[in-house]
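Data first, discussion second: the structure below is written as structure tokens.
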Amino acid sequence: MKIICIGRNYSQHAEELSNKKPESPIIFIKPDTAILQSRLPFYIPPFSNQIHHEVEVLVRINRIGKYIEEKFAHKYYQEIGLGIDFTARDLQQNLKEKGLPWEKAKAFDGSALIGNWFNKNNFSDLNQLDFELVKNSETVQEGNTSQMIWSIDTLINVVSRFFTLKIGDIIFTGTPAGVGPVVENDVLEGYLEGKKAFTLKIK
Ligand code: ZN
């Protein structure tokens, strides 16, 4: 399986990192080795002094497809989740300045936290989902999927033009504003429409 991540899908987050609003979705891939095994803590890797949390709504693909039309995209997933795209921001900044690929900063081992999955039928409108990240009992990121520049179904259309989507693939749909650093002993909790999606300790 592969993890497909979308960059700058919320304009306020693009602004906080002084990035221009993209004309089309920024797409990058994490390998399956990026998945943080469940119930394990996140260990700050030795190559970064600035690991940022990016809380994101996730979609799990349950049908193979390519060139999926937006109007049929909803047939390709049944579950929605919440996760974190951990980012070595110092390394990413360095790579961006040199125009180099981001993989070392974005796709390292443990960089993809995948929380619990929820059947999409639990939600009345996937384009109106509230989610938040709580760090040490304080809300640090809050978003609603209505703030996405490209909706879930639009993303499936765009992504599937480049990459065949296979059963089990996961799309990270981008982070809202409020990204920030994590340090040892932080505790992160994620909520999707008030439902607990994960609790994670930083080591
Ligand atoms: Zn992200």
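The values are calculated or read from the model by the stated rules, or taken from the named source; none is laboratory data. All of these numbers come straight from a predicted model, not from anything done at the bench. Ideal geometry is used to build each Cβ from the backbone, glycine not excepted, and the neighbour counts take in all protein chains shown. These area figures cover heavy atoms from the full protein model, side chains too; ligands, DNA and RNA do not enter into them. Shrake-Rupley method; radii C 1.70, N 1.55, O 1.52, S 1.80 Å.
Pairs linking a residue in segment 128-140 that is aliphatic (A, V, I, L, M) to a residue that is exposed (fewer than 13 other Cβ atoms within 10 Å of the Cβ), with Cβ atoms under 9 Å and 6 or more positions apart or on different chains, are Leu129/Ser146; Leu133/Thr139.
One residue stands out in segment 63-86 among those that are within 16 Å of the ligand (Cβ to nearest atom) and part of a strand (DSSP E or B): the one that is farthest from Gln141 (Cα to Cα), namely Gly81.
I need the full set of residues from segment 50-84 which are of a type in the set (A, V, I, L, M) and either surrounded by fewer than 14 Cβ atoms within 10 Å (Cβ to Cβ) or in contact with a Lys or Arg (Cβ under 8 Å, 6 or more places away or on another chain) (or both), in order please. Selection gives Ile51, Ile61, Ile64, Ile80. Within segment 25-49, being out of contact with any Phe, Trp or Tyr (no Cβ under 9 Å at 6 or more places or on another chain) and either under 16 Å from Arg89 (Cβ atoms) or open to solvent by 80 Å² or more (accessible area, probe 1.4 Å) (or both) holds for Ile26, Asp32, Gln37, Arg39, Leu40, Tyr43, Ile44, Pro46, Asn49. For residues that are in a strand (DSSP E or B) and open to solvent by 40 Å² or more (accessible area, probe 1.4 Å), scanning just segment 115-137, find the one that is farthest from the ligand (Cβ to nearest atom). Looking at residues that are in a strand (DSSP E or B) and open to solvent by 40 Å² or more (accessible area, probe 1.4 Å), I get Asn119. For segment 160-202, the strands (runs of 3 or more DSSP E) that sit wholly inside it and include 3 or more residues that are among the charged types (D, E, K, R) are 195-201. Number of residues in segment 138-157 that are in a helix (DSSP H, G or I), open to solvent by 20 Å² or more (accessible area, probe 1.4 Å) and within 20 Å of Glu69 (Cβ to Cβ) equals 3.
Of the residues making up segment 159-180, those that are on the phi < 0 side of the Ramachandran plot, open to solvent by 10 Å² or more (accessible area, probe 1.4 Å) and away from the ligand (no atom under 16 Å from the Cβ) are Arg161, Phe162, Phe163, Thr164, Lys166, Ile167. Per the conditions (1) open to solvent by less than 50 Å² (accessible area, probe 1.4 Å); (2) over 16 Å from the mean Cα position of the chain (by Cα); (3) of a type in the set (Lys, Arg), the sole criterion not satisfied by Arg89 is (2). Total residues in segment 15-58 satisfying the condition of being at pLDDT below 95 and either of a type in the set (Ser, Thr, Tyr) or more than 11 Å from the ligand (Cβ to nearest atom) (or both): the figure is 14. Please determine, by comparing only the residues of segment 181-190 that are open to solvent by 10 Å² or more (accessible area, probe 1.4 Å) and in contact (Cβ under 8 Å) with a residue 60 or more places away in the chain, which one is nearest to Arg39 (Cα to Cα). Of everything passing the filter in segment 181-190, Glu184 is nearest to Arg39 (Cα to Cα). Here Asp109 clears all of (1) open to solvent by less than 60 Å² (accessible area, probe 1.4 Å); (2) within 23 Å of Gln37 (Cβ to Cβ) except the condition numbered (1). Ile3 fulfils the conditions (1) surrounded by fewer than 20 Cβ atoms within 10 Å (Cβ to Cβ); (2) under 20 Å from Leu82 (Cα atoms); (3) among the β-branched types (Val, Ile, Thr) except for a single criterion, (1). Within segment 157-174, how many residues turn out to be under 16 Å from Leu129 (Cβ atoms) and among the β-branched types (Val, Ile, Thr)? So the answer is 2.
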